[in-house]
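Structure first, then comments.
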Amino acid sequence: MTMRIDAGVKPVEGSSPIGKRLAAIVGSPFNAALSLSVAILLAVVGWQFLRWAVIDATWTGGAEACKTHTGACWPFLRVNARLMFFGVYPEWALWRAEVSLALIVAVIIASMAPWAWGWPLALGWVATPAVVCLLMSGVLTSTPVATNDWGGAPLTLLVWMIAFAGSFVVAIPLALARRSRLGGLRTAAVVAIELIRAVPMLVTLYVSRFIVPMMAPGLEINLFVSVEAALVLFVASYLAEILRAGFQALPSGQFEAAQALGLSYFRAVQLVLLPQALRAVIPALVNLGIGLLLSTPLIAVIGMTDFLSAVRVAAAQEQEWPRCYTVAYLFAGGVFFSVCFAASRYSRWLEKRLRAAGHS
Amino acid sequence: MGHTIHPSYQRPAVEFVGVHKWYGGFHVLKDIHLHVGAGERVVVCGPSGSGKSTLIRCVNRLEEHQRGVLRVHGVELTSSPVQNGRVRQDVGMVFQQFNLFPHLTVLQNCTLAPIWARKLPRGEAEAQALALLEKVRIADQAHKYPGELSGGQQQRVAIARALGTNPKVMLFDEPTSALDPEMVKEVLDTMTALAADGMTMIVVTHEMGFARRVADRVVFMDCGEIVEVDAPDAFFTAPRHERARQFLGQLLH
């Protein structure tokens, strides 16, 4: 029996994994030509990059050493690390920004462990931004720092964290209203969601920063508040649709069983529907989180020094550090890529784990 | 017919008085009169689409009736959510598809309603849930997730979960229809044991053996009407209506 099965799938030439790949690369004259030109292109580009990044690069010393080489100026990153990570946040209070960054990163990492999911963690998501805001602004000390001076990675992550957490607060009621049997409520939710989704994030930011204060004269709106309000509404309109899909994926029997047990509508949502709906849409949630992180540089256009604009400020020191744009942006790209790549690997791991545990 | 309680039971548990229900233009329940006594076991049968599931889903108001009066232990079902919440704790329900909560363990499934609807302390709720799981002989699986259990085991957990609110009436909506044949018996045995404890039960099922052994009365429905209400012996040996005869004939073949 085994013999016969083996004989049936005995690899003919080119059907082994390596053989197949080889066939795809040089299988026909056209393929061979295509492969060759791609290989040449890669070699040329790769060689250029290698020359710039390694052979002609400056590895030690400072700004002066860089001026003698044509390649990458790696000392730029070491010397400008503070500026790129923390922006124009005053140096004498730098520890506040450092502690803030560490706090936010710690909460995000803790959130990645399924066994940590619970009320303490939810509390952490509410408390951390509050603590970080207090810390960064220094209102409890004698030396406050204006929100305009906040910058760099802590600002990017803080903006991201508040927008992401806040969007759940808005999106869950929106998604439920969208599925409500009450026609008026449903229509209002649909209009709100479609209206915000139909507008680019940049416009939402402009409206929140410039139009809303014009419509409410005399009302002083903090820059930080108007940015967060715009981001929360924007992200919530997408999140509401994701959650709606999650709710829709649940069999109707789940809600009926909760009702039959005498649970109120809100308890049924909180204990039965929402946990399952969230699990069902985890990949979409991670995608949304990544998308939001990659959109945060937009807040620079209304005057916030996020991580990317801090990098740009560092790169713009033409006098002292000429030709350092490439190194600076490569670094920024590397940071964004590492975070997002890790997030996407995490999402795949989480999906597998939840399936294996029989949760879904 | 259904207008009076079975002579062996004194107090009414569930009373349908002239109940009508429509789905849009479709008249799904027509002038239902049925009085189920406290402690009585009623089996509801009939061809599919006859309205039998709708009938019992009205008792805990998963479906609303549009005309007539429906009372559970004297409390009339209205559109008041508070009152319905109370009635639902008095009425347990077991579904064809079990409808266990897949993200919670067996034990958590059984303590959810006691903790959040009955406001029992967690320890007490867990002790009670374990006792109920013991009763349906599945306490050893308390910390597994529903997805790790067989269909028959899941349905027994669903019965234990429904008992967790201390219901006075239990509704069963085709509890064995989604089960593999070899698992039907364990669920029916659990239901029989429950009947022996004196639970009021309304059971929609095609298990005629169960109906014969356990039911006080059999209700036969067709096209949204109650056609015949009779003791099981009388119903199975000499149904009075042609439609009931046809239905039983099809079951036997």
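The values are calculated or read from the model by the stated rules, or taken from the named source; none is laboratory data. These figures come from a predicted structure and were not determined experimentally. With ideal geometry, Cβ positions are generated from the backbone for all residues, glycine too; neighbour counts draw on all protein chains shown. SASA here: full protein model, heavy atoms, side chains in, ligands and nucleic acids out. Shrake-Rupley method; radii C 1.70, N 1.55, O 1.52, S 1.80 Å.
Summary of computed values
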| item | result |
| --- | --- |
| DSSP-loop trypsin sites (Lys or Arg not before Pro) across the stretch B:55-142, with at most 15 other Cβ within 10 angstrom | B:K119, B:R137 |
| Whole-number accessible area per residue in Å² for the stretch A:164-206, which is evaluated in the context of all protein chains at 1.4 Å | 55 Å² |
| The stretch B:169-241 versus the stretch A:307-360: alpha-carbon centroid distance in Å | 63 Å |
| Cα-Cα over 23 Å, subset of B:K52/B:K144; B:K30/B:K52; B:K30/B:K185; B:K119/B:K185; B:K52/B:K168 | B:K52/B:K144; B:K30/B:K185; B:K119/B:K185 |
| Cys residues of chain A counted as unpaired, since no other Cys beta-carbon is under 4.7 Å | A:C133, A:C324, A:C340 |
| Selection of trypsin sites (Lys or Arg not before Pro), the stretch A:174-208, meeting DSSP coil and at most 12 other Cβ within 10 Å | A:R181 |
| FRET efficiency, B:A196 to A:R179 (Cβ-Cβ, R0 45 Å, nearest 0.05) | 0.55 |
| Reachable lysines from A:K20, criterion Cα separation under 27 angstrom, eight or more residues apart if same chain | A:K10 |
| Degrees separating the helix B:242-252 axis from the principal Cα axis of chain B, which is the longest one | 50 degrees |
| Inter-label distance, nm, simple model (7 Å from Cα along the C-beta direction), A:T60/A:A316 | 3.4 nm |
| Global geometry of the stretch A:118-167, whether rounded, prolate or oblate, following the gyration tensor of its Cα atoms and the 1.5 cut on a/c | oblate |
| Rg/Rg_ref, the stretch A:204-360, where Rg_ref = 2.2 N^0.38 Å and atoms are Cα | 1.43 |
| Sequence-distant aspartates and glutamates (8 or more away, or on other chains) whose Cα lies within less than 18 Å of B:K135 | B:E124, B:E126, B:E186, B:D189, B:D197 |
| By accessible area with a 1.4 Å probe, ligands and nucleic acids excluded, highest first: order of A:M215, A:M304, B:M183 | A:M215, B:M183, A:M304 |
| A versus B: buried accessible surface, summed, Å² (probe 1.4 Å, to nearest 100) | 1900 Å² |
| Zone residues, the stretch A:78-93, relative to A:D149, backbone N less than 14 Å from point 7 Å out along Cα-to-Cβ | A:87-93 |
| Nearest 10 degrees, 0 to 90: helix B:106-116 Cα axis against chain B principal axis | 80 degrees |
| Under the span-like rule (Cα at least 24 Å along the axis, Kyte-Doolittle mean at least 0.5), DSSP H helices of chain A | A:29-50, A:94-111, A:119-137, A:152-178, A:223-248 |
| Buried on assembly, the stretch B:50-84 (at least 40 Å² less accessible surface than by itself, 1.4 Å probe) | B:L62 |
| The stretch B:88-144 and the stretch A:102-149: distance between their alpha carbon centers, rounded to Å | 38 Å |
| Span per principal axis, largest first, for the Cα atoms of the protein assembly as shown (Å) | 108, 80, 48 |
| Chain A, accessible surface, carbon-and-sulfur percent (1.4 angstrom probe) | 71 percent |
| Chain A: C-alpha gyration tensor shape, a/c 1.5 cut-off, then a/b vs b/c | oblate |
| Helix B:122-135 vs. chain B, principal-axis angle (Cα, 0 to 90°, nearest 10) | 60 degrees |
| Cleavage-rule hits (GluC sites (Glu not before Pro)) in the stretch B:40-121: DSSP loop, at most 13 neighbouring Cβ within 10 angstrom | B:E64 |
| Rounded FRET efficiency, nearest 0.05, which uses the C-beta distance separating A:T187 from A:M112 and R0 of 41 Å | 0.60 |
| Cut-off of 10 Å, at most 11 other beta carbons, DSSP loop: longest stretch of chain A lacking such GluC sites (Glu not before Pro) | A:14-219 |
| Rough spin-label spacing in nm, given labels placed 7 Å along Cα→Cβ, for B:Q246 and B:R67 | 2.5 nm |
| Inter-part distance where the stretch A:40-72 and the stretch B:34-81 are each reduced to a Cα centre, Å | 81 Å |
| Förster radius 30 Å - calculated FRET efficiency between A:A245 and A:K352, Cβ distance, rounded to 0.05 | 0.90 |
